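Accompanying notes for the structure given below.
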Amino acid sequence: MFGLIGHLTSLEHAKTVAKDLGYPEYADQGLDFWCSAPPQTVDTITVTSATGQVIEGYYVESCFLPEMLATRRIKAAIRKILNAMAHAQKQGIHITALGGFSSIIFEEFDLSKHRQVRNVELDFERFTTGNTHTAYIICQQVEQGAQQLGIDLHQSKVAIIGATGDIGSAVCRWLQAKTNVSELLLVARNQERLQNLQAELGGGQIMEMTEALAEADVVVWVASMPKGMEIEASKLKQPCLLIDGGYPKNLGSKLSHPNIHVMNGGIVEHSLDIDWKIMSIVNMDVPARQLFACFAESMILEFEKWHTNFSWGRNQITVDKMEQIGQASLKHGFRPLLSLVAN
Amino acid sequence: MLQTATIAEELDFHSEAYKDAYSRINAIVIEGEDEAHDNYVRLSGMLPESQEELIKLSKMELKHKKGFEACAKNLSVTADLPFAKEFFSPLHQNFQVAAAANQTVTCLLIQSLIIECFAIAAYNIYIPVADAFARKITEGVVKDEYLHLNFGEQWLNANFAAAKAELQEANKQNLPIVWKMLNQVAADAKVLGMEKEALIEDFMIAYGEALSNIGFSTGEIMRMSAYGLVGA
């Protein structure tokens, strides 16, 4: 049994979904209501691997909303994540992925200190951030997407916005070790972490965002921001490939230019239909086939019976582990999403 | 649960403001345990096959009551019992009416589900911000309350088909009263370091789990456990 802990993209989105699913008590409610709402198992999922193996899972809605971070209701945000984890564990789920902001909140507020949630002692071995698979998929999107657009990585600069984060640093490690990218442009807020990353990589150039965006042939956006970001096409090099690994994914709708190619980052397509309803709710283009790579990681771990916190802790993702999850990903029928967001 | 030790350290358990709020919250707990005792005794008459167990549960509630009386004494607080009696009177009244009509299902919903879940939520939120003496006592009590909840769950689960409609109706009658009760004590609870939204959330978690164990579907649980919350 695998699990996915997810949340909706905004209060507006939550209202619509609650209405569509027929829960009037949850529709038309303000943020206060969601701050008090408990986690719920809202979907059961059946996935068939390309090998024919079949697994079952649950989707747990944490009732977290990004507005809780934007309005500094941190205690509510923390409760949502811990309560959803306790809920998943109580259902007897072997391995659960922390989707969207869940893993970011876990890391940022050091929730490993809060092992005891009421009468449940959290067993962190049963959870994964899914970040190793997400980082692997983003790297595949960089490599295959560039090839698809005729961008030669050997001649190209790749900017990583959010380079010091868990996913960002893993993407840097992979691109440095496994590709012949001409130069990595490292962008993040914390200078000390940036310098440590540069030292670890033995390369890469630390840059301001505007400077990096103007020079990069490929931009990997993996910074986490509750409100998304403002970016203008005129500030980007043309042509360029922009991998939007943020949540929610909104760069495609903001950047409409024939020479700027946007790809939804960290999304996979499965070779067979998945029996669930939740992906249409989170606005996937092909809901039966497309999903977040972090969710797919818990499915892969369940298929392989690797019941362990495969991705855990900050900046622990190695190239070897990315290769390991990548091979299992391919074996079970997952592929990086390579289609471009329509201009 | 999540209010950290730092917050507990900031509370002055001996300040007048804390003791004033404590006099009402503590009284509610004492009165709640006392009413729970009476309710289980009453239920034991309605469910002869479970009489022995219900009497055992009722005795545990009296033990809890004594523990919380000791907590008040420890902080030199006099519990405001008249306030607490008034606070519980709508639920008390509903229980008495249901018992007189021999509505076992409604009585179990009020005592074994609503009151127990309310107690579990409040105790779980209180424990991290309690003074050391009260924390130890409350930790012992909350373990017992899960057993009490379990009695109601098991009985209602075994009789689910027959009890379902009455449970839904009783939920409509009684849950809005719980939200009102919560609003009434929100300011006092905050002085003790307990936040209203955390109390509501913990109540909905405990109550939702109980409804799930009894046999309700996710959709039914979402509707039932949020009933009357808005507008309360």
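Please treat every number below as a calculation from the coordinates, not as lab data. Since we're looking at a predicted model, the values are computed, not measured. We place every Cβ from the backbone using ideal geometry, glycine too, and count neighbours over all the protein chains shown.
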Within region A:53-86, list the residues whose amide N lies under 19 Å from a label point set 7 Å along Cα→Cβ of A:D273.
A:53-57
In region A:228-323, the trypsin sites (Lys or Arg not before Pro) that fall in loop regions by DSSP, at most 10 other Cβ within 10 Å
A:K305
How much net charge surrounds A:K75 when only other residues with a Cβ under 9 Å from its Cβ are counted (Lys, Arg +1; Asp, Glu -1)?
0
To the nearest 0.05, what FRET efficiency results for A:V54 and B:E139 with a Förster distance of 45 Å applied to their C-beta separation?
0.55
Over chain A, with a single point scatterer placed on each C-alpha, what log10 of the ratio I(q)/I(0) does the Debye formula yield at q = 0.08, 0.12, 0.15 1/Å?
-0.35, -0.83, -1.31
Contact order relative to length for region A:135-266, counting C-alpha pairs under 8 Å separated by 6 or more residues, stands in percent at 25
The distance between the Cα centres of region B:40-90 and region A:265-284, in whole Å, is 52
For A:F127, enumerate residues with amide H under 5 Å from its amide H, sequence gap 5+ or separate chain, H modeled in the peptide plane.
A:T96, A:N309
Would you calculate the separation in nanometres between label points at A:H257 and A:D285, each defined as 7 Å from the Cα along the Cα-to-beta-carbon direction?
2.1
For the pair A:R189/B:K180, report the inter-label distance in nm, with labels modelled 7 Å from Cα in the Cβ direction.
4.6
Qualifying lysines (Cα of each under 24 Å from Cα of A:K178; at least 8 residues distant if same chain)
A:K157, A:K321, A:K331
From the backbone phi of region B:104-118, what are the Karplus-calculated ³J(HN,Hα) couplings (6.51 cos²θ - 1.76 cosθ + 1.60, θ = phi - 60°) in whole Hz, Gly and Pro given as x?
4, 4, 5, 4, 5, 4, 5, 7, 6, 9, 5, 5, 5, 5, 4
What number, in percent, do you get for the relative contact order of region A:16-137 if the mean sequence gap of Cα pairs under 8 Å and at least 6 apart is divided by its residue count?
19
When only C-alpha pairs under 8 Å and at least 6 residues apart count, what is the relative contact order of chain B, in percent?
25
Total charge of the residues flanking A:T134 in space, meaning their Cβ is under 11 Å from its Cβ, with Lys and Arg +1 and Asp and Glu -1, is -2
Around A:P287, what is the net charge, scoring Lys/Arg as +1 and Asp/Glu as -1 over all other residues with Cβ under 15 Å from its Cβ?
-3
Here the longest stretch of chain A that holds no GluC sites (Glu not before Pro) in a DSSP loop having at most 14 other beta carbon atoms within 10 Å is A:1-207
Expected vector for region A:28-43, Karplus 3J(HN,Hα) from phi with 6.51, -1.76, 1.60 and θ = phi - 60°, integer Hz, x for Gly and Pro, equals 6, 9, x, 4, 3, 4, 5, 5, 9, 6, x, x, 9, 7, 10, 7
5 Å is the cut-off here: which amide hydrogens, built 1.01 Å from N in the peptide plane, fall below it relative to A:Q205, excluding neighbours closer than 5 in sequence?
A:L184, A:L185, A:L186
Partners for B:K136 among aspartates and glutamates (Cα-Cα distance below 16 Å; same-chain residues under 8 apart left out)
B:E69, B:D144, B:E145
Per residue, how much space in cubic angstrom lies within the convex hull of the C-alpha atoms of region A:257-301?
92
Averaged over peptide B:218-228, how many Cβ atoms belonging to another chain are found within 10 Å of each residue's Cβ?
4
Region A:13-114: which trypsin sites (Lys or Arg not before Pro) are DSSP loop and have at most 14 other beta-carbon atoms within 10 angstrom?
A:R72
So if I take the alpha carbon set of the protein assembly as shown, get Rg, then get Rh from the Kirkwood formula, what is the Rg over Rh ratio?
1.04
Averaged over its residues, how many other protein chain Cβ atoms are within 10 Å of peptide A:112-124's Cβ atoms?
2
Alpha-carbon centroid distance for the pair region A:135-212 / region B:170-232, whole angstrom:
48
Taking the convex hull of the alpha carbon atoms in chain B, what volume per residue do you get, in Å³?
108
Karplus 3J(HN,Hα) series, Hz, for region B:162-178 with 6.51 cos²θ - 1.76 cosθ + 1.60 (x for Gly, Pro)
6, 8, 3, 5, 5, 4, 5, 5, 5, 4, 4, 6, 10, 5, x, 5, 4
